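All remarks here apply to the structure that follows.
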Amino acid sequence: MALRFEVLGRFNRARAAQLTLPHFACQTPLFMPVGTQGTIKGLTTDQLEEIGCQIILGNTYHLALRPTSELIDELGGLHKFMNWPRALLTDSGGFQMVSLLHLADITEKGVTFQNRIGADIIMALDDVVRTTITGPRIEEAMYRTLRWVDRCIAAHKRPHEQNLFGIVQGGLDPVLRYAIGGLAGGEDKDSFWRVVAQCTAALPEDKPRYVMGVGYPLDIVVCSALGADMYDCVYPTRTARFGTALVPEGVLKLKHNAMVNDTRPIDPTCACMVCKNYTRAYIHCLVTKDAMGSQLLSYHNLYYMLQFPKGDVPEWVCNAMDVAGIDISSCCSS
Amino acid sequence: MKFAVKALSSGKARAGVVHLGSCPSSIETPCLLLSTRKGLPIFISPDLLSSLPSPDSNLLQFSPLHFSEGPSPKTISSIGGLHQMVGLHEYGFAAVARDSIQCLPECGSTNKTGASFETPCGRRLIKPVEYMEMITSMKPNLWATLADEVPAWANNKRNKTSVDRTVKWLDECIARSPAGGAVFGSIVGGSNIEERKRCAQEIIYAGYWIGGFGLGESMEERPSLLNAVTDNLPKDWPRMICGLGLPEEVLQGVAAGVDLFDSAYIYHLTIGGFALTFPLDRTEKIDYNYQLSDQGSDRTKINLRATVYRKDATPIVEDCCCYTCQNHTKAYINHLLNVHEMLAQILLEIHNTHHYLGFFRSIREAIKEGCFEQFQKKFVQSRREHLAADVVSV
């Protein structure tokens, strides 16, 4: 068995758990930064460890293209190649391959690539369909995904070192672990949470649930309350490269002219290296013009995403929840 | 700022020590000023900067023109100056209007009111008043006065004008000089030895900034021009220069008695995907039989984009203790370059800076041992021999 999932605490449907993987013992709920091509843009593996990153996601399609899964295998796997000691997750590659190869051909190929890359968690190929569609296409996607999962299981050559996650599409499925896909594609929020709620209600309690492509901090909080454990999204790093910082109140656009002479830090409550040392005015003069701007903002945004799900809840939130009759005292720093 | 010469070799090359208020340790010279953009290295983030050798890597250079588009001098003052603004309290900053990478002197547009530079924000004319306003708000440890630099081929009349203007602006800058911060008087004069002498003699201050080099003069004419300046400067004060970036050029500067150097070399190597590999071990014998099997290798540097490195799981330089060589392989950097990832430049700037600082350390050792002239000859010769071997083997 390459994975152990142990629930350590609960609050209604929400759970705090330990997910023990071959390369790292993770605490959930957790957020996974996306390192598409074997790197998180502009950050070193040391920095990622420092800010509390537990798992990084890699894109099988991109890595299969460059430098190829065979090369990664030859050099000892992706962990060794990029020198990341903690956990890795790779996706099936299906989503990006759609336009280039006949979908059915890549089912086993995707698993083979992922076996070579060597991540702790690998994804089964799914037939991706949006939740906004209606009609027979949904049922087709569900059955096809089920058939493909069987083929993935058969093709998986390293079950003791890598964990295969099945993806729920259009329905529910009794497979090893569970990922909830097909969301994060622009459907309205009211539909989105209902699908997540439905999935988490039906999926087994003792296995981790991964909502792919989510996302905004608020979405993560809601999904965690409903019983999900793992998330990934390009949002924090991508928005950093456009000069936007994540803050408790929402977002801060550092490019804006109002920032030119603003001598406050990005977020006075944030303990990251960027907020401790730099003013909005200085970051403003860097963003979109100098590589350093992207680096510093990516650092801050990832710190924000990685620290908040389990991090210290500000006192004002504890007080507000008190009045609202919701007990979050276990999350508040004493 | 305090400076003292500790050793001499071959007459003019000197090893010294400079002490700046904000740096906890003294810094040995000849030394390299690390290039920055707006006070921070171009790719190395501040938390990774501390992985470079200290105190060698503690001197940074910037141009006030980096901040032409904000924040304002008033804001910078209210933050507390440059050290505070970039969070590098224990580093030394040297301010020079010219930055050999992106603020290049545009002598055609310079006029009697100010010096013109080509910058990423377009062409800028900066007057002594504006320059001093920026210096005062930023509070660098040392700064050069505003100069009118001309390239080597400028005619005599233009040369004379540049010296006249530079001396005049020196007075204007010093009149507005903030308390604290060492002033380096700027010396220009193009390729006219007489003008260089005149400029050097008119200026007496805490240190000297030598301008007008790295603007097109040839390797052959440079030593005499350098000597024309340094021969006329008092020995006890530090000399800083811009524009001598390549190793051979640095050696020329050291031979003439220069102490502080900037360099665009590391930047250009880094963005080109090159990593420095030339041997730093001074006792190494020249190996005439070494294999030329590597594509993209000229024994000074390697081109990590070359396909020969695709599967090379060794570090850039085997016993290098920089962050990059301790943690990553040539294969990984090759991949990063191929997929255009920023991490490639970060890792390369770390290694190249580390390596070049090692070169400066070798220079200092050679001077202290009294054999700088041999060191310089051997270094230049081994590069030439390598090129000759290349030609023969083809």
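The values are calculated or read from the model by the stated rules, or taken from the named source; none is laboratory data. Just so it is clear, the model here is predicted, and its values are computed rather than measured. Note that we place each Cβ from the backbone using ideal geometry, even for glycine, and neighbour counts take in every protein chain shown. Please note that ligands, DNA and RNA were not included when accessible areas were found on the heavy atoms of the full protein model with its side chains. Shrake-Rupley method; radii C 1.70, N 1.55, O 1.52, S 1.80 Å.
Details
- Taking B:GLU130, B:GLU118, B:GLU220 as the candidate residues, the one with maximal mean-square fluctuation in a Gaussian network model of chain B, Cα springs under 10 Å, is B:GLU220.
- Inter-site label distance for A:LYS157 and B:LYS2 at 7 Å from Cα along Cβ, in nm: 6.7 nm
- B:TRP237 accessible area, assembled protein chains, probe 1.4 Å, Å²: 110 Å²
- Efficiency of FRET from Cβ geometry, B:HIS89 and A:VAL7, R₀ 41 Å, rounded to 0.05: 0.35
- Cross-link partners of B:LYS301 among lysines (Cα-Cα below 24 Å; sequence separation of 8 or more within a chain): B:LYS285, B:LYS311, B:LYS330, B:LYS377, B:LYS378
- Measuring only protein heavy atoms, the 1.4 Å probe finds B:SER77 accessible over about 60 Å².
- With 5 Å bins from 0: P(r) over the range B:232-272, alpha-carbon pairs, percent: 5, 24, 28, 19, 13, 6, 3, 2
- Radius of gyration and Dmax over the Cα atoms of the protein assembly as shown, both given in Å: 29.7, 91
- Inter-label distance, nm, simple model (7 Å from Cα along the C-beta direction), B:LYS377/A:ALA324: 8.1 nm
- Distant-in-sequence amide H partners of B:LYS301 (H built 1.01 Å from N, under 5 Å): B:THR277
- The length gained on full extension between B:ARG305 and B:ALA388, counted as 0.36 nm times the residue separation minus their Cα-Cα distance, comes to 27.4 nm.
- Accessible surface, 1.4 Å probe, highest first, among residues B:LYS160, B:LYS330: B:LYS160, B:LYS330
- Nonlocal amide H pairs with A:ILE167, under 5 Å, H built at 1.01 Å: A:ALA124, A:ALA179
- Relative intensity of the range A:24-80 on a log10 scale, I(q)/I(0) at q = 0.17, 0.19, 0.20, 0.31 Å⁻¹, equals -0.61, -0.74, -0.81, -1.26, per a Debye sum over C-alpha point scatterers of equal strength in the absence of solvent.
- With every protein chain in place and a 1.4 angstrom probe, the accessible-area ranking of B:PHE375, A:PHE24, largest first, reads A:PHE24, B:PHE375.
- Put a plus charge on the Cβ of each Lys and Arg, a minus charge on the Cβ of each Asp and Glu, and nothing anywhere else: the dipole of the protein assembly as shown about its Cα centre is then about 1000 debye.
- Reach of A:LYS276 by Cα under 30 Å, taken over lysines that are not fewer than 8 positions away in the same chain: A:LYS41, A:LYS253, A:LYS255, A:LYS289, A:LYS310, B:LYS38, B:LYS74, B:LYS139
- Value of Rg to Rh for the range B:75-174, rounded to two decimals, is 1.01; Kirkwood radius and Rg both from alpha-carbon coordinates.
- Hull shadow area, averaged, the range B:107-250 [alpha-carbon convex hull, nm²]: 8.7 nm²
- Gyration tensor (alpha-carbon) shape descriptor, the range A:227-300, a/c threshold 1.5: prolate
- Cα-based convex hull, chain B, per residue volume (Å³, whole number): 139 Å³
- Each residue, A:PHE242 and B:ALA206, gets one label point 7 Å from its Cα in the Cβ direction; the gap between the two is 4.7 nm.
- Along the range B:310-320 the Karplus relation, 6.51 cos²θ - 1.76 cosθ + 1.60 evaluated at θ = phi - 60°, assigns HN-Hα couplings of 3, 10, 7, 8, 9, x, 4, 10, 3, 10, 6 Hz to successive residues, with x for each Gly and Pro.
- If R0 is 25 Å, the Cβ-Cβ spacing of A:GLN198 and A:ASP150 corresponds to a FRET efficiency of close to 0.60.
- Heavy-atom accessible area for B:THR307, with the other protein chains in place and a 1.4 Å probe, reaches approximately 100 Å².
- Two-site FRET efficiency, A:GLU70 against B:SER50, from Cβ-Cβ distance with R₀ of 41 Å, rounded to 0.05: 0.60
- Prolate/oblate/rounded label for the range B:44-108 (Cα gyration tensor, a/c 1.5): oblate
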